Amino acid sequence: MSSSYSPSERRKRIAERIPASGPRRNVLDVFLITLGSLITALAFNMFLLPSRIASGGVSGLSILAEAWFGLEPAFTQWALNIPLFIAGVLLLGRQYGLRSLLGSVLLPLFVYLTSNWPVPTTNPLLASLYGGIGVGLGLGIVFRGRGSTGGLSILAQIIQKYTGFSFSLSVVLLDGTVILLAGFALSPENALYALIGLYITGKVIDAVEMGLGYSKVAYIISNHKEKMAKAILEDLDRGLTELAGRGGFTQENRPVLMVVVGQNEVTRLKTLVRSVDPDAFVIIGNTYEVLGKGFKRES
């Protein structure tokens, strides 16, 4: 059966199935935190721990504790998470603390329960690559569930809240300190592999949080503004915004048309612009997320 709803109406109805708050959203958050914690634990036990790649965080510190004192990593993670969890409740709020408590408990639990899983590789390079992917995927899913796995990720979000640094930069600063400790305690080569894992983890976190389907934003300066706007509205079926601009040399007013399109529409946009005004000046760049009618709604 075909639907009589327009594409934008269908997107709206889908988004409304998972509201920004309420019981259904809370259930989704718990599911995402649980799934992400499991994926992170598997990546830790199958790749990072066997090769002793301490790529940051409390998990990295637990690898160092296991190497130095033979302590079970899960127990070390639980022990370190307690004061950090308290700090998260005090500085980030009770609601955040409850979600953080779930991740703080589940991640070490899954690390403990999956400690005997088979190790796919003992190659440290492969371990850093796939360990970084797995940890980034798991943490990204947890963060989409508006939670945390505890540890230094709480501290990273505190830094993000009070300094304006991006979360990925905060993670790099904190995890970089752990990697330096690993370089002294284990070996410089271990620290180099850990850097690879850390870099990949940050990239995957960003990809999971912001999505892979980047949109494109185009700024168009044309002497045929009205004709260009009409073509974009009617032929490309995209909305646009007119911005006030001024030529830096001529000091003449030059309106700028801003339009956001999907990746698969970039070629059509460029062809359309050239057909209307071959002399038009166009700047096209990436935009990670677009919320609003015609694109998507925040869930």
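The values are calculated or read from the model by the stated rules, or taken from the named source; none is laboratory data. Note that the coordinates shown come from a computational prediction; the quantities given were computed from them, not determined experimentally. So basically every Cβ, Gly included, is an ideal-geometry build from the backbone, and we count neighbours across all protein chains shown. The area values use the complete protein model at the heavy-atom level, side chains included, leaving out ligands, DNA and RNA. Shrake-Rupley method; radii C 1.70, N 1.55, O 1.52, S 1.80 Å.
Observations, loosely collected:
- Only one entry in Gly140, Gly147 is in contact with an Asp or Glu (Cβ under 7 Å, 6 or more places away or on another chain) and at pLDDT 90 or above, namely Gly140.
- Restricting Leu48, Leu107, Leu125 to residues that are surrounded by fewer than 22 Cβ atoms within 10 Å (Cβ to Cβ) and hydrophobic (A, V, I, L, M, F, W, C) narrows the list to Leu125.
- One residue alone among Ala67, Ala87, Ala54 is modelled with pLDDT under 90, closer than 15 Å to Ile179 by Cα and not polar (S, T, N, Q), and that residue is Ala67.
- Residue check for Val217: closer than 30 Å to Ile63 by Cα and within 24 Å of the chain's Cα centre (by Cα): no
- Among the residues of segment 83-104, those that are surrounded by fewer than 16 Cβ atoms within 10 Å (Cβ to Cβ) and either over 14 Å from Leu155 (Cα atoms) or touching a Ser or Thr at 6+ places or on another chain (Cβ under 8 Å) (or both) comprise Arg94, Gln95, Leu98.
- Top-ranked residue in segment 256-283 [being modelled with pLDDT of 75 or more and within 23 Å of the chain's Cα centre (by Cα); ranked as most open to solvent (accessible area, probe 1.4 Å)]: Val260
- Answer residue from segment 16-38, given it is modelled with pLDDT of 85 or more and of a type in the set (A, V, I, L, M) and is least open to solvent (accessible area, probe 1.4 Å) among those: Ile33
- The residues on offer are Gly151, Gly183, and the sole one that is on the phi > 0 side of the Ramachandran plot and over 17 Å from the mean Cα position of the chain (by Cα) is Gly151.
- Filter pass, Ala79 being open to solvent by less than 40 Å² (accessible area, probe 1.4 Å) and aliphatic (A, V, I, L, M): no
- A Cβ distance below 6 Å, combined with a sequence gap of six or more or placement on separate chains, defines the contacts here; from segment 159-175, residues that are closer than 13 Å to Asp206 by Cα reach no residue that is β-branched (Val, Ile, Thr) and assigned to a loop (DSSP other than H, G, I, E, B).
- Restricting Ala41, Ala74 to residues that are open to solvent by less than 40 Å² (accessible area, probe 1.4 Å), among the aliphatic types (A, V, I, L, M), under 17 Å from Ile200 (Cα atoms) and touching a helix residue (DSSP H, G or I) at 6+ places or on another chain (Cβ under 7 Å) narrows the list to Ala41.
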